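The values are calculated or read from the model by the stated rules, or taken from the named source; none is laboratory data. Since the structure is predicted, the reported quantities are computational estimates derived from the model, not experimental observations. Here the Cβ positions follow ideal geometry from the backbone for every residue, glycine too, while neighbour counts run over all protein chains shown. All accessible areas refer to the heavy atoms of the entire protein, side chains included, with ligands and DNA or RNA removed. Shrake-Rupley method; radii C 1.70, N 1.55, O 1.52, S 1.80 Å.
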Amino acid sequence: MVCDGESRSLNFIEEIITNDLENGVVDSIITRFPPEPNGYLHIGHAKSICLNFGLAIQFDGKCNLRFDDTNPTKEETEYVESIMNDVKWLGFEWANLCYASDYFDQFYKWAIDLINAGKAYVDDQSAEDIRQNRGTLTKPGEDSPFRNRSIEENIDLFKRMTEGEFEEGSRVLRAKIDMSSSNINMRDPVIYRILKRSHHRTGDKWCVYPMYDFAHGYEDAIEGITHSICTLEFQDHRPLYDWFIENVDVPHVPRQYEFARLNLTFTIMSKRKLLELVTSGIVSGWDDPRMPTICGFRRRGYTPESIRRFCKEIGVAKSDSMVEVELLHYCLREELNRTAQRGMAVLRPLKVVLENWPDGFVDELDAENNPEDENSGNRKVRIGKEIYIEREDFMEEPSKKFFRLAPGTEVRLKYAYIIKCKEAIKDENGEVVELRCTVDMDSRGGNAPDGRRIKGTLHWAWTGDAVEAKINLYGNLFTLKNMNDMEEGKDYQDYLDPESLVVIEDALVEPILANAKPMDKFQFLRHGYFCVDAESTPEKPVFNRTVSLKDSWGKISAGNRRGSR
RNA sequence: UGGGGUGUAGCCAAGCGGCAAGGCAGCGGACUUUGGAUCCGCGACCGAUGGUUCGAAUCCAUCCACCCCAGCCA
């Protein structure tokens, strides 16, 4: 297990910070997690959160939660609330709660400074003209005809822009850098656009809003961020980031570093597409257990610990990566195996009558709550003449490696007795509907009196006290391992897995499970980890499968047709 | 074809000139009242080609592949 105190090699950002600290470049570090409140956080954000907050903890620094709310057309308070909630749930505390919008006045002053320094100008060109004159990857751009206006005129125009005198799209403020730069970001980027929208925090105070490149470095400068960590696609923006910082009098000079964002197999991470899944009703909401959102994982039964562990295991580097979901599954199982209470649930029941069981007799046996935890104690399970076993635990014509129940074979009922199959009763369609078995009454507890080895052990439910339950079996939302490899002409929705949710209405669970509270987590013996759904009641309990147990029999029997769940 | 990045086992990822960490997945075995867990064992000559060096995944050169950039999104 990787513990916090365990020594391991540093990732490149930890190395940079270590050097900066040792060389006195900085005395202590301040990082930030800067989401735009235009959607719910997903597992990719979790990587960034663990990185930024983790660094602050590791180096005894601070980390701010900052909402990068510079575009009122897409941002809402619903999102800021969910983001705060998710960050807290992951187990992190921010040093300061910040909003880019709190700095709008300062941004405005710096914009004026740039104009006064002859480094910004108001451009009257249309968006289309600006695009035309920007050039292409191989062709340099051309100067705007408005590039050399006087400082006075620029100041006047910009002020009138902010006062709402002009229509959206009619003018922008641009940085005056270099229209022939090989880095397109440096070709006089737009720094303010007219947006007559009301902002979730500043209301109608502003008619102009700053662009990311202009605002972000200043946000960092204001907060004293020492290491501004973002994803790879911003590498090309770093020269711009530095340019804005250098050309104005800032209180602090932050530095930007970039790392590779997380990609997960069988998953999409695009906020736009996730929003579509929600609005189209393909999933039940941002917190649908199949969504890669933090709240989706939470409802699915994931723990904050397991997600943090996952983020630690995947590492931080600069090469584009596609992490297999199996690693996430592993991190969850690793924790839940140690902590989850065990219980028996029969998902697809097959009735079994124990012919020689004494009529009316009910036995009560001890069952371990968690074999991995000595302190977890035991519980009582009851059994009588008629029980249910898992339908797939019986095979009329067993294959050679099948060591569960079959005509004439013996199997152990977990915690209880050894039984032997006498006969399979079928209905008119030839489907097995009931098993007649004999029980070795001397094998109470599951041990054969003569010491004979019983290889198969089955979970079961007693007809006398089993409770009917609804069970949601969740799997991957998509069928394609690498969603970047979609076929030409196909859409991500063409890859939705129709079996990403399979509902079982009439499973049978032991009584203790029926009385659990929402979000309680269990291991259903031989099945996997499940959590109690929010809608669960003692009369009709509902469980969500978080992840299945590793299933080596599944691989043998079916050639692993569907991958892990 | 301009610029910026990245290329180490199926997937992540260490390595910073001295003879390739670790994890996941996979495979084999032991053990097992969860075909779970646990335990043991198994895999690379480092994108390619040249060069420098006693010695290179690590330095140099050339080439190749992949990713990002032409929003008044972030």
Which of (1) part of a helix (DSSP H, G or I); (2) within 11 Å of RNA strand B (Cβ to nearest atom); (3) farther than 20 Å from A:F530 by Cα is the odd one out, the single condition A:E258 does not satisfy?
-> (1)
Of the residues in the stretch A:272-299, those that are among the acidic types (D, E) and surrounded by fewer than 19 Cβ atoms within 10 Å (Cβ to Cβ) come to A:E276
In the stretch A:506-534, how many are touching a Phe, Trp or Tyr at 6+ places or on another chain (Cβ under 8 Å), within 13 Å of RNA strand B (Cβ to nearest atom) and within 20 Å of A:R382 (Cβ to Cβ)?
-> 2
Considering only residues that are open to solvent by 80 Å² or more (accessible area, probe 1.4 Å), among the charged types (D, E, K, R) and within 28 Å of the chain's Cα centre (by Cα), look in the stretch A:447-493 and name the one that is nearest to A:I512 (Cα to Cα).
-> A:K481
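Rundown of residues vs (1) in a strand (DSSP E or B); (2) touching a helix residue (DSSP H, G or I) at 6+ places or on another chain (Cβ under 6 Å); (3) within 16 Å of RNA strand B (Cβ to nearest atom), yes/no style:
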site: A:C421; (1), (2), (3): yes, no, yes
site: A:G430; (1), (2), (3): no, no, no
site: A:G445; (1), (2), (3): no, no, yes
site: A:K455; (1), (2), (3): no, no, yes
Residue check: is A:Y79 hydroxyl-bearing (S, T, Y) and in contact (Cβ under 8 Å) with a residue 60 or more places away in the chain?
-> no
Residues that are within 23 Å of A:G296 (Cβ to Cβ), buried (at least 22 other Cβ atoms within 10 Å of the Cβ) and out of contact with any Asp or Glu (no Cβ under 8 Å at 6 or more places or on another chain), drawn from the stretch A:12-44 | A:F33, A:G39, A:H42, A:I43
In the stretch A:65-79, is there at least one residue being within 13 Å of RNA strand B (Cβ to nearest atom) and surrounded by fewer than 16 Cβ atoms within 10 Å (Cβ to Cβ)?
-> yes
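Which residue, of A:I49, A:I29, A:I16, is farther than 30 Å from A:H200 by Cα and in contact with a helix residue (DSSP H, G or I) (Cβ under 7 Å, 6 or more places away or on another chain)?
On the way: A:I49 fails: farther than 30 Å from A:H200 by Cα; A:I16 fails: in contact with a helix residue (DSSP H, G or I) (Cβ under 7 Å, 6 or more places away or on another chain).
Every option except A:I29 fails the conditions.
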Please go through the stretch A:175-193 and pick out each residue that is out of contact with any Asp or Glu (no Cβ under 9 Å at 6 or more places or on another chain) and buried (at least 19 other Cβ atoms within 10 Å of the Cβ).
-> A:Y192
Would you be able to say whether some residue in the stretch A:121-135 is closer than 30 Å to A:E276 by Cβ, part of a loop (DSSP other than H, G, I, E, B) and open to solvent by 70 Å² or more (accessible area, probe 1.4 Å)?
-> yes
Among the residues of the stretch A:494-517, the number that are surrounded by 14 or more Cβ atoms within 10 Å (Cβ to Cβ) and assigned to a loop (DSSP other than H, G, I, E, B) is 4
Scanning the stretch A:323-356 for residues that are closer than 29 Å to A:E374 by Cβ and of a type in the set (K, R) gives A:R333, A:R338, A:R342
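Which of the residues belonging to the stretch A:109-159 are among the charged types (D, E, K, R) and within 16 Å of A:P189 (Cβ to Cβ)?
A:K119, A:D123, A:D129, A:R131, A:R134, A:E142, A:D143, A:R147, listed by residue number.
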Kindly indicate the residue of the stretch A:1-39 that is at pLDDT 95 or above and among the small types (G, A, S) and also farthest from the chain's Cα centre (by Cα) among those meeting that condition.
-> A:G24
From the residues in the stretch A:537-565 that are at pLDDT below 95 and away from RNA strand B (no atom under 15 Å from the Cβ), which one is surrounded by the fewest Cβ atoms within 10 Å (Cβ to Cβ)?
-> A:E539
Could you run through the stretch A:183-216 and say how many residues are without any contact (Cβ under 8 Å) to a residue 40 or more places away in the chain, of a type outside the set (D, E) and within 12 Å of RNA strand B (Cβ to nearest atom)?
-> 3
For A:D249, indicate whether it is assigned to a loop (DSSP other than H, G, I, E, B) and buried (at least 19 other Cβ atoms within 10 Å of the Cβ).
-> no
Within the stretch A:371-395, the count of residues that are out of contact with any Gly (no Cβ under 7 Å at 6 or more places or on another chain), open to solvent by less than 40 Å² (accessible area, probe 1.4 Å) and farther than 17 Å from A:K422 by Cβ comes to 6
Conditions (1) within 16 Å of RNA strand B (Cβ to nearest atom); (2) closer than 18 Å to A:F530 by Cα; (3) open to solvent by 50 Å² or more (accessible area, probe 1.4 Å); number of the one not met by A:D320 | (2)
